[in-house]
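Heads up: the structure comes next, in structure tokens.
The values are calculated or read from the model by the stated rules, or taken from the named source; none is laboratory data. Because the structure is a prediction, the values reported are computed rather than measured. No Cβ is skipped: glycine too gets one built from the backbone with ideal geometry, and neighbour counts run over all protein chains shown. Areas reflect the complete protein model, heavy atoms only, side chains present, ligands, DNA and RNA absent. Shrake-Rupley method; radii C 1.70, N 1.55, O 1.52, S 1.80 Å.
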Amino acid sequence: MTAKTQRVEVRLDKERQAQIQAAADAVNESLSEFIRAAAFDRADRILALSSRTLMPAEQFDAMMSSLDTPDAAPALANAAAKPRVFVRR
């Protein structure tokens, strides 16, 4: 386990602190550990969602079908039609 060297302070009203303390007591954790675990859980969920792109199924299907339709690429076709400059032997 790495040493905890950073400190974060949170300001709460009395009711919220009592609510969080009661929840921490219910799972037999210190207030700090309870808040730390809750913050890690939420951070994990948010970061997991931020690496995904969500879209409706119809939009996804349209995107996938557009990838199967080749675009006209005249410059690429012209380059491919030219004779090779280098020949592998």
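Looking at Leu12, is it modelled with pLDDT of 85 or more, surrounded by 10 or more Cβ atoms within 10 Å (Cβ to Cβ) and not in a helix (DSSP H, G or I)? For Leu12, the condition - modelled with pLDDT of 85 or more, surrounded by 10 or more Cβ atoms within 10 Å (Cβ to Cβ) and not in a helix (DSSP H, G or I) - is met.
Each residue in the range 60-80 was checked for being assigned to a helix (DSSP H, G or I) and either touching a residue at least 12 places away in the same chain (Cβ under 8 Å) or of a type in the set (Ser, Thr, Tyr) (or both), and 2 of them qualify. For the range 43-59, a tally of residues being open to solvent by 100 Å² or more (accessible area, probe 1.4 Å) and in a loop (DSSP other than H, G, I, E, B) returns 3.
If you go through the range 33-42 one residue at a time, do you hit one that is at pLDDT 90 or above, open to solvent by 100 Å² or more (accessible area, probe 1.4 Å) and out of contact with any Pro (no Cβ under 9 Å at 6 or more places or on another chain)? Yes, the conditions are met somewhere in the range 33-42.
Say whether the condition of being modelled with pLDDT of 90 or more, of a type outside the set (Asp, Glu) and surrounded by 10 or more Cβ atoms within 10 Å (Cβ to Cβ) is met by at least one residue in the range 62-84. Yes.
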